[in-house]
Amino acid sequence: MTASQEMLKANNATDDKSRVRLWLRLLRASRAIESELRERLRTTYNVTLPRFDVMAALYREPEGMLMSQLSKYLMVSNGNVTGLIDRLTTDGLVQRTLRDGDRRTSVVLLTKAGRENFEQMAASHREWINELLSHFSPEEAETLAETLKVFASDWEGEAR
């Protein structure tokens, strides 16, 4: 092996390690933030992160969503969504209606109480995110978000 080939191999190994290190740091940061948000939602509002996610999805769709749309949006099974919706319905935060009288499909939407409840949680959630990521300036946060958006859209395109 020539000296230039050895140098190229060493540079590739360094690049590989750098990318693995980046992935591990992204994963660790994501898990740490998610863990902190789970804990704060639990202690402040007695709510789980999956329940918050369901309410957030429904909040964005004031006319409601089909159960199948909701499970696809959240990337979870229909069974998981059904259990969450059952509990939210019991608590008066979500209502189910039949779609065009079809007993096989139902549309779920937040009730007035559900919307008000979610708005309080969302305001706290926004404050917590700002606090947890406060070491980034708004400009740095925007740059990083755009970089990750491009990366994710490139990767998702390859995965399809």
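Values quoted throughout were computed directly from the atomic coordinates according to the rules given, and no laboratory measurement underlies them. This is a predicted model, so every value here is computed, not measured. Reconstructed Cβ throughout: ideal geometry from the backbone, glycine too, with neighbour counts over all protein chains shown.
In the chain, which helices (entire DSSP H runs) extend 27 Å or more along their own long axis, judged by Cα positions, while averaging at least -0.5 on the Kyte-Doolittle scale? Flagged H segments: there are none.
The helix-only estimate of mean residue ellipticity at 222 nm for the chain, built from DSSP H runs of length n ≥ 4 each weighted as -39500 (n - 2.57), is -25500 deg cm²/dmol after division by the residue total. Between amide H atoms placed 1.01 Å from N, distances below 5 Å from T111 occur with V94, Q95, all of them 5 or more places distant or on a separate chain. Distant-in-sequence amide contacts of V47, defined by a placed amide H-H separation under 5 Å and a gap of 5 or more residues or a different chain, comprise R42. Note on segment 47-125: dipole from Cβ charges, positive end direction compared against L109, M67, A56; the farthest Cα belongs to M67.
Normalised by the number of residues in segment 49-160, the average gap of Cα pairs under 8 Å and 6 or more apart makes the relative contact order 23 percent.
The count of lysine pairs in the chain with alpha-carbon distances below 30 Å, taking only pairs 8 or more places apart or on different chains, stands at 4.
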